[in-house]
Each structure stands twice: as structure tokens, then as C-alpha cells.
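The values are calculated or read from the model by the stated rules, or taken from the named source; none is laboratory data. Keep in mind it's a predicted model, so treat the numbers as computed, not measured. Note that each Cβ is placed from the backbone with ideal geometry, even for glycine, and that neighbours are counted across all protein chains shown. Ligands, DNA and RNA are excluded from the accessible area calculation, which covers all protein heavy atoms including side chains. Shrake-Rupley method; radii C 1.70, N 1.55, O 1.52, S 1.80 Å.
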Amino acid sequence: MRVQASTARLVGRLDGVVWDESLDHNGSRIRLMQEYLRRSALWARALGCTDHWPFFDIASFVDPSARVDEQTALAVRRRMGAGGARPLDAMIVRYILDFSVLESWPDGLPDPFEPLLQVYERGGPFDREAGRVYIGSAVGILEGTWEKYIARPPLGELGPAALDALDEAWSARRERARLAGPQPGGG
């Protein structure tokens, strides 16, 4: 059955996540998070639940009965906890697992969770505080409004080569800034 296979593939990917945060792929993780926020905004608008944006149980708004079986959810949660995942991660992964059992969703909407899953795969967890999403414990992305993110162009290619190029560009910008040193009036 397609749904079971989809969930099994997802569980395999989640089992490969290292839940200790890595800074190696911050450039791509920042852009992937922005893409998740954009896709989540599209879904929130389409489902009429913008007050739940940005991190919410999308599957429950599409089909309230869409729930991964509890045995699978518990097994994933245990492995995540043993790996050092945080409560926020467990909540979001449950949303991703439940989404994986949907048999269909509204036409024209992209998979909302693929970019977020890649955020995890490329460097572990992230944090949220005071209206920001923190990637790498230091780079804060302002959540802003769902309308702001709907207006963003799609990220485009999510393959490894494209994401690695984002990491290289980000690292080069950081190195140039480091070499330039503090700027006058910049503190």
C-alpha cells in the first residue's frame, strides 16, 4: 500500500537524522526553513487555518483521521529521544508522520514537510524563540507573517548539489564578513 510505503520511507529518513545540531549546512538549512515557512503558509491559506501557521498539524485539517499508528509514532519518538531530540522536534515529527499517511491532498499544493525534513537531515534540530526560528543556534529567521512567506518565490531545486551550493555560498559570505572585520557603526 502506498501510504504504508510512504511512512516506512519517512521513518527510515528520520532514523538517519543526527539530533546533535551541526553547523556544516547552515546555508541550505536557512533556505530550506524559509521554503518550509512558504509552503506551510500556502497550506494554511488553502485550509483556512492561518492562525495555526507556521508549525501545525496539517494532516488534521485535511483529514482528521489521518494519524500514523501509535506503535510507529512511539518507536520513532523513543529513537529520537535516545538521540537527543528536543520536545519541539518530537511534536513536529509527529506532524510529519501523520502527513505521511494522507492518501491525497488538495491539488496544486507542494509537500509542506520535505524542506523541514531536510533541515533535520542536514544538521539536526532548530529552535524557536520570540518570533524567530534559529538555525545553528545563532542565525535567526524572523517568522513574520504567513502573507510574507506566500509572497516569496519557491526555493526550486532541493537536491544535494543545489543545497551544497547554498552552503558554499553562505560559508563564503561568512568568511568575507569575518575577514572584513567589524564595520564602523556596526558595534
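From the list ARG39, ARG77, the one residue that fits, being closer than 23 Å to LEU158 by Cα and touching a helix residue (DSSP H, G or I) at 6+ places or on another chain (Cβ under 9 Å), is ARG39. For beta carbons closer than 6 Å, sequence separation of 6+ or different chains, a first residue in segment 135-155 that is touching a residue at least 60 places away in the same chain (Cβ under 8 Å) and a second that is surrounded by fewer than 12 Cβ atoms within 10 Å (Cβ to Cβ), the qualifying pairs are GLU143/GLY131. Entry remark, segment 62-91: residues being closer than 20 Å to GLU103 by Cα and either within 19 Å of the chain's Cα centre (by Cα) or assigned to a loop (DSSP other than H, G, I, E, B) (or both) number 8 in total.
Only one entry of ARG94, ARG78 meets the criterion of being open to solvent by less than 40 Å² (accessible area, probe 1.4 Å), among the basic types (Lys, Arg) and farther than 25 Å from ASP24 by Cβ, and that entry is ARG94.
Looking at segment 104-187, the strands (runs of 3 or more DSSP E) lying wholly inside it that each contain 2 or more residues that are open to solvent by less than 80 Å² (accessible area, probe 1.4 Å) sit at 132-135, 139-142.
For segment 21-34, filtered to residues that are part of a helix (DSSP H, G or I) and either open to solvent by 10 Å² or more (accessible area, probe 1.4 Å) or touching a Cys at 6+ places or on another chain (Cβ under 6 Å) (or both), the residue that is nearest to GLY140 (Cα to Cα) is ILE30. Do you know which of the residues in segment 2-45 that are under 16 Å from the mean Cα position of the chain (by Cα) and β-branched (Val, Ile, Thr) is nearest to PRO115 (Cα to Cα)? It comes out as ILE30.
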